[in-house]
Amino acid sequence: MRLEVMTQLCVAFGAATVSPRLPEVLPFNANLDGCYLPCDDGYEDLTSVIANADDVTLEAIGRNAADVFERTCTPARLVEWVERCIHAHERCD
């Protein structure tokens, strides 16, 4: 499993995650702003990102991530997205 997919799964569960920029491939063109702590692509700044994260920020990130996935990636919302794309013949946005 690719690291990006594993990280997105952690985000989906509302875990405060540290990651390089995640590709935003979510239904309804949702984005992951505020859903994880960004770090450098090579993780060079990982320890400083973690050290500078306070509990309030980490809790907010977890809540934001869980909310985004609840609004976009539950089975019912995924079915809605697929039906919208297939049956309405519209762009997926």
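The values are calculated or read from the model by the stated rules, or taken from the named source; none is laboratory data. Nothing here was measured: the structure is a model prediction, and the numbers come from that model. Cβ: placed from backbone, ideal geometry, glycine included. Neighbour counts: every protein chain shown. SASA here: full protein model, heavy atoms, side chains in, ligands and nucleic acids out. Shrake-Rupley method; radii C 1.70, N 1.55, O 1.52, S 1.80 Å.
Within the set Met6, Met1, the sole residue that is part of a loop (DSSP other than H, G, I, E, B) and either open to solvent by 50 Å² or more (accessible area, probe 1.4 Å) or modelled with pLDDT of 90 or more (or both) turns out to be Met1.
Looking only at residues in the stretch 29-70 that are in contact with a helix residue (DSSP H, G or I) (Cβ under 7 Å, 6 or more places away or on another chain) and in contact (Cβ under 8 Å) with a residue 24 or more places away in the chain, the one that is surrounded by the fewest Cβ atoms within 10 Å (Cβ to Cβ) is Gly34.
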